[in-house]
1. Given a 1.4 Å probe and the protein chains all in place, what does the accessible area of Lys201 round to, in Å² to the nearest 10?
2. Testing the spin-label approximation: label points 7 Å from Cα along Cα→Cβ at Ala91 and Ile172. State their distance in nm.
3. Would you mind putting 92-98, 7-13 in packing order, based on average other-beta-carbon counts within 10 Å, highest first?
4. Restricting the calculation to Cα positions, tell me the Rg (one decimal) and the Dmax (whole number) of the chain in Å.
5. Can you give the Rg and Dmax of the range 216-367 based on its C-alpha atoms, in angstrom?
6. Using a 1.4 Å probe over the heavy atoms of the protein chains, calculate the carbon and sulfur portion of the accessible area of the chain as a whole percent.
7. Pop the C-beta distance of Asp137 and Thr102 into the FRET formula with R0 = 35 Å and round what comes out to the nearest 0.05.
8. What percent does the relative contact order of the chain come to when contacts are Cα pairs within less than 8 Å and at least six residues apart?
Amino acid sequence: MQDIIDIGMGRAARRVYGLDQVEIVPSRRTRSSRDVDTTWRIDAYTFDLPFMTHPSDAVVTPEFAVEFGRLGGLPVINAEGLWGRHRDLDAALDRVREAARTADEADEAAGAAGADGDDAGFPAQRVLQELHAAPLDRDLLAGRLAEVRESGVRFGVRVSPQNARELAPALIRAGLDILVIQGTLISAEHVYSNGEPLNLKEFIGSLDVPVIAGGVVNYTTALHLMRTGAAGVIVGSGTTTNTDALGIDVPMATAVADAAAARRDHLDETGGRYVHVIADSELMTSGDVAKAVACGADAVSLGAPLAAARESGGRGHFWPAVAAHPQLPRGVVESTGGGDVPLERILAGPTANPYGEENLVGGLRRSMAKCGYTDLKSFQKVDLVVR
């Protein structure tokens, strides 16, 4: 039963929950974590880890993409990011990192002096916007995608809904495995006044590669996206500032559970077509990952936790893919700590970090084992409580 409360005369709202408000309840049976299978199978592809990356340059460099794929996850490259705009990618990323470090130091100095730090006008954000103003060089992008392809790992490439029709054909020719159509929040039909609407059902049906689409935050939009033929639906916006910039946010536990309900109903109406639910917000620790799966996710999209890796573009700083929007950025360049941690340790350990920030798959395995489950799908049935 939904919990509906009055927020004023004539206006009611549904009570919803974030991952920090729910907890997993262990059962009477436990298992060894060695018996847990975290394999993720989507369309024709199998991944050892139920992890894909948020398509941010703060995370995915060519080196990172190859290593993440080697370790068993799905790296997702932002086709509209810096890969195809700057031949010296390291120098471009270093400009963002340096601006962010300068702002961090200014904030620390202001805090020590008892003043309010304001990021001095968000210099890292302005650098990002300047770098993204450079034209997209499709040949440069294709060359970098070829580097990843030649490594032999499976990878995805992200495009925005407004640019999907224009960019997707060339990206598919470049050899991607999965196309990711992702905006902050999207619908089954993206309508804009100065162009032809993008009907995702028609568009996805015309492609020869599987598509993951998102983000969504409610049952209705998730169900509509599933009906387009998408192999997976991303839940969440991948950014924490939507509520500040747009006033839009649905906490992740409720959003994932709603999308899982849409998946069940779509499975019934199609006679067995399963669409994967991928959580992409509020995920910082292995506990968050476990709770997202427990709420109904098949996999998770990781951003900020991976930016601590030495192979990442941010090396201790993270920004979402939409942080560089020229008029209204959603998401900030923020410090995540680290920057010199091996990616393998973040994903699979071993680690001395006791807070679930490293060995993410180990934490997920332990959570599943402590509750008596050996695979991801069955773990979606674990009992939950609300704080």
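1. Rounded to the nearest 10, the figure is 130 Å².
2. Each label point lies 7 Å from its Cα, and together they span 3.6 nm.
3. Working: 92-98: 18.9, 7-13: 7.6.
Peptide ranking by packing, descending: 92-98, 7-13.
4. Cα radius of gyration and Dmax of the chain are 20.4, 64 Å respectively.
5. Over the range 216-367's Cα set, Rg and Dmax evaluate to 16.4, 48 Å.
6. On the way: 8190 of 17320 Å².
Of all accessible area on the chain, carbon and sulfur atoms account for 47 percent.
7. On the way: r = 28 Å, r/R0 = 0.81.
Efficiency, from the Cβ-Cβ distance: 0.80.
8. Values: 831 pairs, mean separation 87.7, N = 387.
Computed over the chain, the figure is 23 percent.
The values are calculated or read from the model by the stated rules, or taken from the named source; none is laboratory data. As the structure is a prediction and not an experimental result, all values here were calculated from the model. Cβ atoms come from the backbone with ideal geometry, glycine included; neighbour counts cover every protein chain shown. Accessible surface is based on the protein model in full, side chains and every heavy atom, while ligands, DNA and RNA are left aside. Shrake-Rupley method; radii C 1.70, N 1.55, O 1.52, S 1.80 Å.
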